[in-house]
């Protein structure tokens, strides 16, 4: 069982979300990936307006209409627009088919404006996925590092939060979140290299490490290689490739009556 935490279809060829998703699923099939988590549409927007957030989420909703048997949707929200984001959460998660929250770079995760969004997610037992990166040349305005996620998670110790990319510079990212049992590490997006998965398992425990690809920005194969080539037990590999994500998502799937 392989579930991919971290996918985008926007950059793929095709003039509709359905056609883009068809290509993404075809590529996933080549690698034996059973389920995909998708968020954000096209184009990527650093500081979307409320109307642009709605459009991004509408693209994902359209894709889910035909691919709900293979994909889960996360609603894209922005703490720059808290009230609009809460309304989008209600539309897409509370009253719609989505099962998680995607936060990108509009404000750092340590900002207090994220609190109402995390609280809304908690009311539905939805996962919160926060992008993080540590860039040598400097982050984008509002772009989080793992330390920002650590601050957020400390304020919301019962909320399941995923540290997207584990900051890219994963050695410091893992150390930033290891004392917070409600935070899991996302393996997606960074270059495949020896040691990432092994360190994450050693410092966090395999139950807090989750495979994701960042497709279509990265290939499924290169990102799967991080897990397949890691010097870990087969039991830990199975947790990382799908069992952890399935366990985290079961509360909201059961609440929404989604059968697997």
Check on residue 246, within 14 Å of the chain's Cα centre (by Cα) and either modelled with pLDDT under 95 or surrounded by fewer than 18 Cβ atoms within 10 Å (Cβ to Cβ) (or both): yes
Members of segment 141-152 that are at pLDDT 95 or above and either out of contact with any helix residue (DSSP H, G or I) (no Cβ under 7 Å at 6 or more places or on another chain) or over 21 Å from residue 180 (Cα atoms) (or both): 142, 143, 144, 148, 151
Per-region count, segment 7-21, residues surrounded by fewer than 19 Cβ atoms within 10 Å (Cβ to Cβ) and out of contact with any helix residue (DSSP H, G or I) (no Cβ under 8 Å at 6 or more places or on another chain): 3
Among the residues listed as 52, 80, 62, 56, the single one being touching a strand residue (DSSP E or B) at 6+ places or on another chain (Cβ under 7 Å) and either farther than 19 Å from residue 249 by Cα or assigned to a helix (DSSP H, G or I) (or both): 56
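Go through 184, 213 for me and flag whichever is outside any helix (DSSP H, G or I), at pLDDT 95 or above, over 25 Å from residue 11 (Cβ atoms) and under 15 Å from the mean Cα position of the chain (by Cα). Step through it out loud before you land on a result.
Numbers: 213 fails: over 25 Å from residue 11 (Cβ atoms).
Of the residues listed, the single one that is outside any helix (DSSP H, G or I), at pLDDT 95 or above, over 25 Å from residue 11 (Cβ atoms) and under 15 Å from the mean Cα position of the chain (by Cα) is 184.
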Hits in segment 249-260 (condition: under 20 Å from residue 159 (Cα atoms) and either free of Cβ contacts under 8 Å to residues at least 12 places away in the same chain or surrounded by fewer than 18 Cβ atoms within 10 Å (Cβ to Cβ) (or both)): 250, 251, 253, 254, 255, 256
Every pair of residues 6+ apart whose Cβ atoms lie under 7 Å, when the first sits in segment 1-22 and is free of Cβ contacts under 8 Å to residues at least 40 places away in the same chain and at positive phi while the second is surrounded by 19 or more Cβ atoms within 10 Å (Cβ to Cβ) and not in a loop (DSSP other than H, G, I, E, B): 14/20
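The values are calculated or read from the model by the stated rules, or taken from the named source; none is laboratory data. Computed from a predicted model, the values in this text were never measured in an experiment. Don't worry about glycine lacking a Cβ; one is built from the backbone with ideal geometry, like all the others, and counts go over all protein chains shown.
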